[in-house]
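Here's the structure, in structure tokens; my notes come after.
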Amino acid sequence: MFAQHVPTVDFVFSGPALNTFGEFVRCVLDGEPERADTVPGILYERNCRDPCFRKAVGAERDIDDFFLPDYDSFFEALQVHPEPRRTGTSKPMLFFETSRGCWWGQRSHCTFCRLNGESMAFRSMAPDLAVRQFEWLFGFALAYTSFFCTDNVMPRNYARGVFPWLDPPPGAEIFYEVKLPLSRQDLRAMTDAGVTVVQPGTDALSSSTLKLMGKGTTAFQNLQFLKNCEEFGIKPESNLLIGFPGEGPEVYRKYAEELRDFVHLVPPHGVYTVRFDRFSPYFKRSDEYGLVLKPVDYYSLTYPFDESAPADLAYFFADQNLAPYTARSP
Ligand code: SF4
């Protein structure tokens, strides 16, 4: 869509681009940019109408094809704009990756989860490579102590196979998204390795809603995890999601009665209505869930394409059948 209709966009790299971008640069350096016409995952005006290329995504680079990311331009930019650091308004983080996909999602895709597009299969970095990457990251600790993992979900074997081998520098703060349940032993290993902030995907404190989501957890496990986080000094970052198809008013009555009892636990960031995003089971099997999905209206207001275009390019969709409690809200 963009390659075809937006003249200011020269090339679109669809899907993973660690391989395709390198191939593209090679074609340009060789003075033969048109050679990129035949590389799946690279789209532009010339090849974007060909169905073979229109839907293609770039080939993935193996997660164990290990290389050290080059952060130099990021460091240089921080030197030029030191104000946020000096004033404490932001803390620079170094991003890293240890896995792709989701080990839970590959066997039971959470109904609202839109992550990973077409490649939910879990691929995690071999433990010895992960240890090597952490050691390298910790080498920046004189200047940078915050490390942000981009994984959808922490590899399950790292609590025993990676974290015990790490010697984090003082003040190290590692962020990971995690999937519950996690044992106290897991949490101990994570804390000792410098994992201080997690996104646990607790998402609800009602077992019936967690079942609707296909999360594979219960409200009790979520509460137990939040309690354990207090004990181990790990900060959980979570949201309370509402509005799941099939969720009844009794869930909200339960929240109204019970949530006030949890003042000793870290509260969710906020309460958000569930979204229906492309690639999620709610999107792919909308009929099954009684959803009538249409792209949210800002797509047609933003892109000057024809009427049918938003359905192809949109990522965010809204249900035209409002749930009863949504319809009743002021
Ligand atoms: S919501 Fe989290 S646990 Fe569920 S499939 Fe997506 S990444 Fe995996």
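The values are calculated or read from the model by the stated rules, or taken from the named source; none is laboratory data. Small disclaimer: the values here were computed from a predicted structure and weren't measured. Every residue, glycine among them, receives a Cβ derived from its backbone with ideal geometry; neighbour counts consider all protein chains shown.
Listing for the model above:
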{"item": "Test: Thr218 is polar (S, T, N, Q) and touching a strand residue (DSSP E or B) at 6+ places or on another chain (Cβ under 9 Å)", "result": "no"}
{"item": "Only listed residue being outside the structural domain of Thr202 (by TED's automatic domain parsing) and either under 27 Å from the mean Cα position of the chain (by Cα) or closer than 28 Å to Val195 by Cα (or both), chosen from Ser119, Ser108, Ser99, Ser14", "result": "Ser14"}
{"item": "Qualifying residue in segment 37-51 (condition: touching a helix residue (DSSP H, G or I) at 6+ places or on another chain (Cβ under 6 Å), among the polar types (S, T, N, Q) and farther than 30 Å from Pro155 by Cα)", "result": "yes"}
{"item": "Count of residues meeting criterion [under 11 Å from Ile234 (Cβ atoms) and among the basic types (Lys, Arg)] in segment 177-203", "result": "1"}
{"item": "Lone qualifier among Val251, Val292 - being over 30 Å from Cys229 (Cβ atoms) and either modelled with pLDDT of 90 or more or loosely packed, with under 11 Cβ neighbours inside 10 Å (or both)", "result": "Val292"}
{"item": "Of all residues in segment 137-167 being polar (S, T, N, Q) and within 19 Å of Met120 (Cα to Cα), the one that is farthest from the ligand (Cβ to nearest atom)", "result": "Asn157"}
{"item": "Flag if Ser99 is polar (S, T, N, Q), more than 16 Å from the ligand (Cβ to nearest atom) and out of contact with any Phe, Trp or Tyr (no Cβ under 6 Å at 6 or more places or on another chain)", "result": "no"}
{"item": "Segment 206-225 - residue that is closer than 17 Å to His269 by Cα and within 21 Å of the chain's Cα centre (by Cα) and, of those, surrounded by the most Cβ atoms within 10 Å (Cβ to Cβ)", "result": "Asn222"}
{"item": "Candidate set: segment 115-126, residues that are surrounded by fewer than 19 Cβ atoms within 10 Å (Cβ to Cβ) and outside any strand (DSSP E or B); chosen: the one nearest to the ligand (Cβ to nearest atom)", "result": "Leu115"}
{"item": "So Leu94, is it away from the ligand (no atom under 16 Å from the Cβ), under 21 Å from the mean Cα position of the chain (by Cα) and over 22 Å from Gly15 (Cα atoms)", "result": "yes"}
